Amino acid sequence: MNGVTGRMGLNQHLVRSIVAIRRQGGVTLPGGGTVVPDPILVGRSEAKLREIARAHGIERVSTDLDICLANPADAIYFDATLTSARVDHVRRAIAAGKHVYCEKPLAPTTAEALDLARAAERAKVKHGVVQDKLFLPGIRKLKQLVDDGFFGRILSVRGEFGYWVFEGDDQPAQRPSWNYRKEDGGGIILDMFAHWRYLLDHTFGAVTAVQCTGATHIHERVDERGQRYAATADDAAYATFLLEGDVIAQFNSSWTVRVYRDDLLQIQVDGTQGSAVAGLRTCNTQSRAATPRPVWNPDEPNPFDFYGQWEEVRDAAEPDNAFKAQWELFLRHVAADEPFVHDFYEGAKGVQLAELGLESWAERRWVGVPPLRNGEGVRG
Ligand SMILES: NC(=O)c1ccc[n+]([C@@H]2O[C@H](COP(=O)([O-])OP(=O)(O)OC[C@H]3O[C@@H](n4cnc5c(N)ncnc54)[C@H](O)[C@@H]3O)[C@@H](O)[C@H]2O)c1
């Protein structure tokens, strides 16, 4: 596991996924056996790795990735390092014959992402990319409503993502500074469109076109060492996507917005027969029958309790951590050859949408999203 000293690597992948899976006794396999991950933590600072390992009952740490990759007993390479470092790490892991699971975005460009997908296929190793939002309770509930036909014909999807990320001067930023430097693989479009692609494709219909306006609203920030730096990457994006089935999806993504909604991500779906609003965990619906008949009248106080007219979708079971749920699928994929759809081609699609979003912004126009398999749809 590479990158476990970072935000995602430590909290979501190590503690909430791998340590939690070890604590529950592993992952059950279809044949009846179990697989228990035995991680080795890889990184640049041995002291930090030892401290994390000690805190979580893990034996093995290393600062030498190539020595780790040479150990045939370690079958999977996992990467949650910086986006800009991922391609090199993953390429080395594939060359060493490892199955690979990694964070999104898979690579900084579609061409590199596809190259990794083809290399993994040639090497006959299993490959996967984190698509955690699909496993969030709120999004699972939305998907269930879609599958049940609750919405009738889906008309539109509106996503509002974001929160205020402090600049780092009067108080520390909540995100690493590389996120705000284009030259280090930063930018909210590359970061978030990777999510929007799989979320839309798998929940509402394949994305066929994008129109995006990005912005760098805050031009200077302060890094982890207290140094001022130029924020060269986009910190907000205002995008519209067309989906198969004539669904229109609008997503605002911003690290420069203050939250006046129920969650950091809120998605509203409107259909002819009903609507739903989902957060990370919750989902509320309003059926056609329960839809109020408001009339526009600014001269009177609003007589409606609009929020009171929605009904909460109950949890089917105690929800598991989204990252852990996907890890379990990947472990079963590797150990028992169970299907796993979130492969490197899926990862490449996320990068493609980001790339086309950036193109749309630069050229101020709608851009079509061509199919990607076998290298189609890669530009320049
Ligand atoms: N799935 C999600 O919801 C989600 C959310 C945030 C970030 N991410 C992705 O996770 C990855 C890590 O993001 P983060 O916010 O945890 O970043 P971070 O800066 O907190 O962590 C980065 C990790 O990479 C290591 N690292 C940095 N430079 C390196 C180098 N040159 N060589 C090797 N290791 C290096 C750091 O030591 C650290 O362990 C990114 O690709 C990001 O896009 C995913």
The stretch 66-77 - residue that is open to solvent by 20 Å² or more (accessible area, probe 1.4 Å) and within 16 Å of the ligand (Cβ to nearest atom) and, of those, farthest from P108 (Cα to Cα):
I67
Enumeration of residues in the stretch 149-176 that are open to solvent by less than 70 Å² (accessible area, probe 1.4 Å) and in a loop (DSSP other than H, G, I, E, B)
G149, F150, F151, G152, Y163, V165, F166, E167, G168, A173, R175, P176
Please work out which residue is surrounded by the most Cβ atoms within 10 Å (Cβ to Cβ), limiting yourself to the stretch 1-33 and to residues that are small (G, A, S) and within 16 Å of the ligand (Cβ to nearest atom).
S17
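Only one of these is at negative phi and in a loop (DSSP other than H, G, I, E, B): K143, K133, K104, K124. Name it. Let's see the steps before the verdict.
Details: K143 fails: in a loop (DSSP other than H, G, I, E, B); K133 fails: in a loop (DSSP other than H, G, I, E, B); K124 fails: at negative phi.
When all the criteria are applied, what remains is K104.
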With the structure loaded, tell me whether A80 is within 13 Å of the ligand (Cβ to nearest atom), within 30 Å of G187 (Cα to Cα) and aliphatic (A, V, I, L, M) or whether it fails that test.
yes
Pick from R293, R314, R365, R258: which is within 28 Å of A111 (Cβ to Cβ), loosely packed, with under 12 Cβ neighbours inside 10 Å and among the basic types (K, R)?
R365
Given (1) open to solvent by less than 30 Å² (accessible area, probe 1.4 Å); (2) part of a helix (DSSP H, G or I); (3) farther than 21 Å from V257 by Cα, G205 misses just (2)
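The values are calculated or read from the model by the stated rules, or taken from the named source; none is laboratory data. Remember, it's a predicted structure, so these values are computed and weren't measured experimentally. So basically every Cβ, Gly included, is an ideal-geometry build from the backbone, and we count neighbours across all protein chains shown. Just the protein is used for accessible areas: all its heavy atoms, side chains included, with ligands, DNA and RNA removed. Shrake-Rupley method; radii C 1.70, N 1.55, O 1.52, S 1.80 Å.
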